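S.K.: Got a structure here, written out as structure tokens. Questions coming.
The values are calculated or read from the model by the stated rules, or taken from the named source; none is laboratory data. A quick note: this is a predicted structure, and the numbers were derived from the prediction, not measured. No Cβ is skipped: glycine too gets one built from the backbone with ideal geometry, and neighbour counts run over all protein chains shown.
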Amino acid sequence: MLEINKYSAQGQEVGKIELPAALFAAEAKNPRALLYEVIKMYRANQRQGTSSVKNRAAITGSTKKLFKQKGTGNARPGDIKTPVRVGGGIAFGPQPHDWYRKIPKKKKRLALKLALTEKANAGEVVVVESFDLEKPNTKFARNLIDNLVKGKKRALVLVDSSDPAIVKSFSNLPFVSMNRADSTFAYEVLNAGCLILTEDALNKMVEVFA
């Protein structure tokens, strides 16, 4: 198991904690290829697929031949909706498309474990005892991030439940995103420069994913 420092809600070191090997020491035959495949499918699933242009069939206009076929010295004419004319339809333009691809559960979970392993090996995982907020406090959240995250990194905060006080405290901070520990996924873990989670969130991840 990998041992890291544990911090209080004020950002002070209070001891050590071991990261479970089931989540933070994952192995795969070709981890980079697996992460690439899963993240590519995830990002494709975020696409709306609503890009669309009008082809010549969708353009309003006359279908009359503009001038006779021969004798004018010009190229053979079509109607006014041809793609080669200004105001005509677009040839081979984008049309609505469903980009969704189902990600296999085993691949998705293994990708998450590989992402967590990569963050742990890079020293970008921080465990906090608890936040213990009775009401929203953005100043508290800002100070905690400043103490735990060195430099201007994007931070991901994982909690064990959707506590309104915690969510509102971190929601106004730039470059900080939040999620429930049992709903996190590989892309958001890798997209964060630092992963911050509470002890309860860590236990929840072990319960769900390990």
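S.K.: Only one of I59, I4 is hydrophobic (A, V, I, L, M, F, W, C), surrounded by 15 or more Cβ atoms within 10 Å (Cβ to Cβ) and closer than 30 Å to L144 by Cβ; which?
M.R.: Working: I59 fails: closer than 30 Å to L144 by Cβ.
Just one listed residue meets the conditions, I4.
S.K.: Looking at V38, V14, which one is touching a residue at least 24 places away in the same chain (Cβ under 8 Å), out of contact with any helix residue (DSSP H, G or I) (no Cβ under 9 Å at 6 or more places or on another chain) and outside any loop (DSSP other than H, G, I, E, B)?
M.R.: Values: V38 fails: out of contact with any helix residue (DSSP H, G or I) (no Cβ under 9 Å at 6 or more places or on another chain).
Being touching a residue at least 24 places away in the same chain (Cβ under 8 Å), out of contact with any helix residue (DSSP H, G or I) (no Cβ under 9 Å at 6 or more places or on another chain) and outside any loop (DSSP other than H, G, I, E, B) holds for just one of V38, V14, which is V14.
S.K.: State whether one or more residues within the range 36-51 are loosely packed, with under 13 Cβ neighbours inside 10 Å and more than 30 Å from L114 (Cβ to Cβ).
M.R.: Scanning the range 36-51, I find at least one residue that is loosely packed, with under 13 Cβ neighbours inside 10 Å and more than 30 Å from L114 (Cβ to Cβ), so the answer is yes.
S.K.: Take S52 and tell me if it is over 30 Å from V125 (Cβ atoms) and either of a type in the set (D, E) or touching a Pro at 6+ places or on another chain (Cβ under 8 Å) (or both).
M.R.: Values: over 30 Å from V125 (Cβ atoms): yes; either of a type in the set (D, E) or touching a Pro at 6+ places or on another chain (Cβ under 8 Å) (or both): yes.
In short, yes.
S.K.: Looking at the range 83-95 only, could you name the residues that are closer than 24 Å to L66 by Cα and surrounded by fewer than 12 Cβ atoms within 10 Å (Cβ to Cβ)?
M.R.: So in the range 83-95, the residues closer than 24 Å to L66 by Cα come out as 83-92.
Across the range 83-95, the qualifying residues are V84, V86, G87, A91, F92.
S.K.: Is it the case that Q10 is in the same structural domain as V149 (by TED's automatic domain parsing) and more than 28 Å from the chain's Cα centre (by Cα)?
M.R.: Numbers: in the same structural domain as V149 (by TED's automatic domain parsing): yes; more than 28 Å from the chain's Cα centre (by Cα): yes.
Answer is yes for this residue.
S.K.: For the range 168-189, which residues satisfy the criterion of being touching a residue at least 60 places away in the same chain (Cβ under 8 Å) and touching a Leu at 6+ places or on another chain (Cβ under 7 Å)? Quick ask: steps written out before the conclusion?
M.R.: Within the range 168-189, the subset touching a residue at least 60 places away in the same chain (Cβ under 8 Å) is 184-187, 189.
Result: T184, F185, A186, V189.
S.K.: Let me ask something else. Tell me, yes or no, whether the range 96-107 has at least one residue that is surrounded by 19 or more Cβ atoms within 10 Å (Cβ to Cβ), in contact (Cβ under 8 Å) with a residue 24 or more places away in the chain and not in a loop (DSSP other than H, G, I, E, B).
M.R.: no
S.K.: Only one residue in A111, A115, A141 is at pLDDT below 95, out of contact with any strand residue (DSSP E or B) (no Cβ under 7 Å at 6 or more places or on another chain) and either under 21 Å from Y42 (Cβ atoms) or not in a strand (DSSP E or B) (or both). Which one? Steps first, answer last, please.
M.R.: On the way: A111 fails: at pLDDT below 95; A115 fails: at pLDDT below 95.
Only one candidate passes the filter, namely A141.
S.K.: Testing A75 on (1) in a loop (DSSP other than H, G, I, E, B); (2) in the same structural domain as S183 (by TED's automatic domain parsing), one condition comes back false. Which one is that?
M.R.: The number of the failed condition is (2).
S.K.: Sticking with this one: Quick check: anything in the range 120-131 farther than 17 Å from D160 by Cα and either touching a helix residue (DSSP H, G or I) at 6+ places or on another chain (Cβ under 6 Å) or assigned to a helix (DSSP H, G or I) (or both)?
M.R.: Kept after step one, since they are farther than 17 Å from D160 by Cα, are these residues of the range 120-131: 120-124.
Cutting the leftovers down to either touching a helix residue (DSSP H, G or I) at 6+ places or on another chain (Cβ under 6 Å) or assigned to a helix (DSSP H, G or I) (or both) gives us 120-121.
Yes, there is a match, as at least one residue in the range 120-131 is farther than 17 Å from D160 by Cα and either touching a helix residue (DSSP H, G or I) at 6+ places or on another chain (Cβ under 6 Å) or assigned to a helix (DSSP H, G or I) (or both).
S.K.: In addition: Here is a list: S162, S130, S169. Which entry is farther than 25 Å from R32 by Cβ, surrounded by fewer than 14 Cβ atoms within 10 Å (Cβ to Cβ) and not aromatic (F, W, Y)?
M.R.: On the way: S130 fails: surrounded by fewer than 14 Cβ atoms within 10 Å (Cβ to Cβ); S169 fails: surrounded by fewer than 14 Cβ atoms within 10 Å (Cβ to Cβ).
Exactly one residue qualifies, and that residue is S162.
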